1. What are the residues in segment 195-221 that are part of a strand (DSSP E or B), over 22 Å from the mean Cα position of the chain (by Cα) and not small (Gly, Ala, Ser), if any?
2. State all residues of segment 203-216 that are surrounded by fewer than 22 Cβ atoms within 10 Å (Cβ to Cβ) and on the phi < 0 side of the Ramachandran plot; if no residue qualifies, say none.
3. Taking strands (runs of 3 or more DSSP E) that do not extend beyond segment 297-361, which have at least 2 residues that are touching a residue at least 24 places away in the same chain (Cβ under 8 Å) and charged (D, E, K, R)?
4. If a residue must be touching a helix residue (DSSP H, G or I) at 6+ places or on another chain (Cβ under 7 Å) and outside any strand (DSSP E or B), how many such residues does segment 81-105 contain?
5. Restrict the check to segment 165-177 and report whether at least one residue is touching a Gly at 6+ places or on another chain (Cβ under 7 Å) and at pLDDT below 95.
6. Determine whether segment 126-145 contains at least one residue that is in contact with a Leu (Cβ under 7 Å, 6 or more places away or on another chain), in a loop (DSSP other than H, G, I, E, B), under 30 Å from Thr414 (Cβ atoms) and of a type outside the set (S, T, N, Q).
7. If I ask for residues that are part of a helix (DSSP H, G or I) and either buried (at least 24 other Cβ atoms within 10 Å of the Cβ) or touching a Ser or Thr at 6+ places or on another chain (Cβ under 9 Å) (or both), which ones from segment 231-251 would you list?
8. Only one of (1) surrounded by 15 or more Cβ atoms within 10 Å (Cβ to Cβ); (2) at pLDDT 90 or above; (3) closer than 23 Å to Val225 by Cβ is not met by Gly80, so which one is it?
Amino acid sequence: MINRRWSLLEFKTSSNHLVVFGVALMLFLFNYQSCYSELKTYSSPGDLSNVPHLKESTDYTVKVNGESSFVYESDNSWDGDGIESSRKKEDKASFTNFDFKNESVTVEVTCNFTVNSLIIRPKNDSISFTQIGNTISFTLSKSKYLSIEVNDRLRPLFIFADSLETAPNAAITYGPGIHNIGTKFQVSGNQTIYIAGGAVVVGSFYCSGNNLKICGRGILNCGSVLSAEWDLDHTKSPLAAVTTLAGYELNGFTIVNSPGWHVNAYGSNTKFINLKCIAWAGLSDGPHLNGNSLMKHCFIFNNDDALISNIGNNNTFRNCVVWKGPYGRCMISLQNNSQSTLLWEDIDIIGNESLLGNLKGKTIAIIETTAGIKQNFTFRNIRIEGQAADKAGLIYIDSEGSSEIKNIYLDNITTELLRTSAVNTEGTINQATGGRIDGIHFKCVKMDGALINSLTDAHVQMTGGVLNIDFDNTSCTNTLIKKVCDNNKLRVYSNQYNKLQVDLDDIKIKNISLFNSIGNNVKSGRLTDIEVSNLPVGVYIVQAEAEGIHYFCKFIKQ
């Protein structure tokens, strides 16, 4: 077997010669690996007849490079607490997952019904497809989370395409098959739980210590707990803690049918990586970030708040896909306490089924407090798709009591509103008695196809003596900033290839270099923006140096 674990994305070095060698090796590997691919699909876990609200899909079958990938189906079983408008509109959702690396893969979806129309979201991924009868085919070259919507949005198929994983040395391993662990299965901290691909774990975890990691490509199904039961005992969440749980990580697996909050453990220094959540119940919040925490490359299909940070500083949400139901909000901070340095970046909101007339619910970003200071919040590269005018909005900012909200940045946001009325209200900025709002900065915010230059353009109402609201559209183009490379921590964005924007998670970059296909250094500097308009088309390697480590990413200028 060819060892394809050579693809070095980072290494420590103090030698310029080693850096040159690393660039040459990366160029060789990028070309060498294009000849090979690795693919892992997952089979049926077994008899699902006794697994609540989870079965084999009756709507779809999926093949990847000709290999079958088992498709699950979760039904919308929540009754809306007797209020039909509180339920998600979808009848059910199917999903499948597979892993691959190196060469692109071909995904073939066969629908067990007539295909009249099709949308693949997020639209920003620009997935082209071919259709022959009721079979749809498309190609993926890197990991993505997609929603395949055939004819309407009532029975979507979610494609969870991940990079290949390496099984960890775990204290508890659930292999392929069905495992009934019961509600509140007790686990301790400082250990790893592995849910392998093809495994379905029925139940929930109740942790008594910090630094727990749950990972894998399998499923945690919580459909045996009713929403009414969870209302009486919130520790019946998929993951709950005896006390505040810090330093835990949820990575790679899928949580299905959460009866309420996905996580009931308010600790700091947490990570949610490649996590998928499919939930129908009201109050099915996505995981909260509570200080020095990260959510990255996650998929949230739920019926309450999605990307939440109500407490703690230095929280980052990055590269996530959200489809929220009638309950809750998309991106939110609303508890009455001080917070600083929160980032929501590269987020695709593909659904926001807010209740009609609920301004808070339909706005995608909410900051609300009656005490403390909330400051330095950034919403960057946010895309909102296909929402009806009465179900989509921009911001809701409310400062009351003795609170202060300052330095809020909305950067490169697009809302694809299907507006039916020119007077539709799509947000509010409210400074009530005792509150203070200072510094709301709009940069390249586009609504309904047009850049906004005022609150009037944005259909956002303002009350009170709000200070320093400004609009900057001087560096915008007609094309969204798109990600052109993503290798673990290092990401490279491009705007029509005139300028590259380099980001390395939250690590300060010391130096950036750009190498051409023969290893020559064509650009170098300390800035995170690289002008490339004068460079010829071809393959380039972006090298970022930080904390003694060099990170590499391939960029193709076309």
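1. Of the residues in segment 195-221, the ones part of a strand (DSSP E or B) are 195, 199-207, 212-216, 219-221.
If we keep only those that are over 22 Å from the mean Cα position of the chain (by Cα) too, we end up with 199-207.
Across segment 195-221, the qualifying residues are Val200, Val201, Val202, Phe205, Tyr206, Cys207.
2. Listed by number, the residues that qualify are Tyr206, Ser208, Gly209, Asn210, Lys213.
3. Working: elements: 299-302, 315-324, 331-333, 339-352.
Where strands (runs of 3 or more DSSP E) fall fully within segment 297-361 and carry at least 2 residues being touching a residue at least 24 places away in the same chain (Cβ under 8 Å) and charged (D, E, K, R), they are 315-324, 339-352.
4. Adding up the residues that qualify gives 2.
5. yes
6. Yes, some residue in segment 126-145 is in contact with a Leu (Cβ under 7 Å, 6 or more places away or on another chain), in a loop (DSSP other than H, G, I, E, B), under 30 Å from Thr414 (Cβ atoms) and of a type outside the set (S, T, N, Q).
7. Step one: filter segment 231-251 for residues part of a helix (DSSP H, G or I), giving 231-232, 234-236.
Of everything in segment 231-251, those that are part of a helix (DSSP H, G or I) and either buried (at least 24 other Cβ atoms within 10 Å of the Cβ) or touching a Ser or Thr at 6+ places or on another chain (Cβ under 9 Å) (or both) turn out to be Thr235, Lys236.
8. Condition (2) is where Gly80 drops out.
The values are calculated or read from the model by the stated rules, or taken from the named source; none is laboratory data. Bear in mind the structure is a predicted one, so any value in this text is a computation, not a measurement. So basically every Cβ, Gly included, is an ideal-geometry build from the backbone, and we count neighbours across all protein chains shown.
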